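This report refers to the structure that appears directly beneath it.
The values are calculated or read from the model by the stated rules, or taken from the named source; none is laboratory data. Worth saying up front: this structure is predicted, and the values here are computed from it rather than measured. Cβ: placed from backbone, ideal geometry, glycine included. Neighbour counts: every protein chain shown.
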Amino acid sequence: MITQQLLERYFKQQCTAEERTLVEACLDAGDHTILDGFLQSKWKDAIENPSATITPPPITLPRQAKIRLLRASWSKYAAVCTGLLVLSTAIFYLLTAGKKKAAVSQVARLEWKKLDNRGSAIRSVVMGDGTKIWLNKNAVLRYPDNYNEATREVELLGEAYFEVAPDKSKPFRVHTAGITTTALGTAFNISAFTIRDTAIRVSLLEGKVAVTTAGAGDRILTPGMKVDFEGNQLMEPVQDSLVKQSTGWIKDKIYFNNTTLKEVCRRLSYQYNQQLTATETAGQQRVSGTFNTSDDFKTIVAAITFVHQLQVTYTPSGCKISKE
């Protein structure tokens, strides 16, 4: 239990470390009865002795503490302002400490909103800043409720195409598993099919983006380039003459251009919400072709395995492609 004498020592920074901890714990608990009485006594002293000058040393109060101020007319404030330095200092630090600490913990208190596409068609949205986003089937996009106030940050699971509204003061950032893609005003496609996916691809159609990951430098992309994040390693960007095909899904197309069967299985699993895998040897097979997203899943699998002379085994949990 704290006393007014202890609060007096606390405000003058004359208490021990243990006493300071006790005071701050009581203030954090929300019961400010003793604090109210202490401030009222200081208010009374200031009124009765307005010529007194009190110069307390700097103090820091927990931001959770709140003071209920007594009502007083402006004339009373003016008459006793020189005698209220303890009170005003306490209020000042309560407010400023709260603002500073609130800024640090603001992100933790943010509420995140979610957009997902559980339907069979492409879902398009326009963010508050004018940025346009197309979500492929099964994609999930998360963003904070203060989006576009100070920053433009989103999180993506799945595949999406972005046309970013220019704003140099607030770069647009997409967080996907292990990488972050930053753009000012541009159009790009990101494929990140699972939350722990170690195979992510960023394809740039217009503008300029920087792709970063922990422990690696930026990878700068210019139009027509793509970069892969594979096995927790960010690769070097490469030119891709068919980069526009990365957004084929928006037009209900699936393009494979010398793509490994392992990657084909990943995309088809995501696109059709079906479990499709390949053995290690079969997974290295290269596949090229164009399919419609409206095509039946088994029809596509049958076409691929027939052309490349592979075997497919269906089970209740999914299907597996092998060379034997």
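Can you confirm whether region 212-230 contains a residue that is touching a residue at least 40 places away in the same chain (Cβ under 8 Å) and small (Gly, Ala, Ser)? Steps first, answer last, please.
Applying the first criterion (touching a residue at least 40 places away in the same chain (Cβ under 8 Å)) to region 212-230 yields 229.
Next cut, small (Gly, Ala, Ser) only: none.
Among the residues of region 212-230, not one is touching a residue at least 40 places away in the same chain (Cβ under 8 Å) and small (Gly, Ala, Ser), which makes the answer no.
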Can you tell me which residue within region 275-324, out of those that are within 26 Å of LYS244 (Cα to Cα) and polar (S, T, N, Q), is farthest from the chain's Cα centre (by Cα)? THR299
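If we only count strands (runs of 3 or more DSSP E) wholly inside region 209-324, which ones have 2 or more residues that are under 29 Å from PHE172 (Cα atoms)? Outline the logic, then answer.
Details: elements: 209-213, 216-221, 225-230, 253-260, 276-278, 286-292, 311-315, 318-322.
Filter on region 209-324 gives 209-213, 216-221, 225-230, 253-260.
Is it true that ILE190 is more than 17 Å from GLU163 (Cβ to Cβ), assigned to a strand (DSSP E or B) and modelled with pLDDT of 85 or more? Walk me through how you get there before you give the answer.
Working: more than 17 Å from GLU163 (Cβ to Cβ): no; assigned to a strand (DSSP E or B): yes; modelled with pLDDT of 85 or more: yes.
No: the conditions fail for ILE190.
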Please specify each residue of region 276-294 satisfying the condition of being surrounded by fewer than 14 Cβ atoms within 10 Å (Cβ to Cβ) and touching a residue at least 12 places away in the same chain (Cβ under 8 Å). THR281, GLN284, ARG286, SER288, THR290, ASN292, SER294
Those residues of region 255-269 which are touching a Leu at 6+ places or on another chain (Cβ under 9 Å) and over 17 Å from GLU159 (Cβ atoms), in sequence order: LEU261
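Answer yes or no as to whether VAL227 is surrounded by 14 or more Cβ atoms within 10 Å (Cβ to Cβ), β-branched (Val, Ile, Thr) and closer than 20 Å to SER288 by Cα. Lay out the reasoning, then the answer.
On the way: surrounded by 14 or more Cβ atoms within 10 Å (Cβ to Cβ): yes; β-branched (Val, Ile, Thr): yes; closer than 20 Å to SER288 by Cα: yes.
Answer is yes for this residue.
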Residue pairs, Cβ under 8 Å, 6 or more apart or interchain, first in region 104-127 and over 14 Å from LEU157 (Cβ atoms) and assigned by TED's automatic domain parsing to the domain that holds ASN292, second outside any loop (DSSP other than H, G, I, E, B) and at pLDDT below 90. List them. none
Please go through (1) of a type in the set (Asp, Glu); (2) in the same structural domain as PHE297 (by TED's automatic domain parsing); (3) under 26 Å from the mean Cα position of the chain (by Cα) for GLU230 and return the number of the only condition it doesn't satisfy. (2)
Across region 128-144, what is the total count of residues that are without any contact (Cβ under 8 Å) to a residue 40 or more places away in the chain and not β-branched (Val, Ile, Thr)? 9
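Can you tell me which residues in region 193-224 are aliphatic (A, V, I, L, M) and either surrounded by fewer than 21 Cβ atoms within 10 Å (Cβ to Cβ) or modelled with pLDDT under 90 (or both)? Explain how you work it out, then say what you get.
In the first step, residues of region 193-224 are kept if they are aliphatic (A, V, I, L, M); the result is 195, 199-200, 202, 204-205, 209-211, 214, 216, 220-221.
If the condition is that a residue be aliphatic (A, V, I, L, M) and either surrounded by fewer than 21 Cβ atoms within 10 Å (Cβ to Cβ) or modelled with pLDDT under 90 (or both), then ILE195, ALA199, ILE200, LEU205, ALA210, ALA214, ALA216, ILE220 are the ones that fit.
Just checking, which of THR290, THR212 is closer than 29 Å to ASP116 by Cβ, among the hydroxyl-bearing types (Ser, Thr, Tyr) and assigned by TED's automatic domain parsing to the domain that holds LEU184? Walk me through it before giving the result.
Numbers: THR290 fails: assigned by TED's automatic domain parsing to the domain that holds LEU184.
THR212 is the lone residue from the list that is closer than 29 Å to ASP116 by Cβ, among the hydroxyl-bearing types (Ser, Thr, Tyr) and assigned by TED's automatic domain parsing to the domain that holds LEU184.
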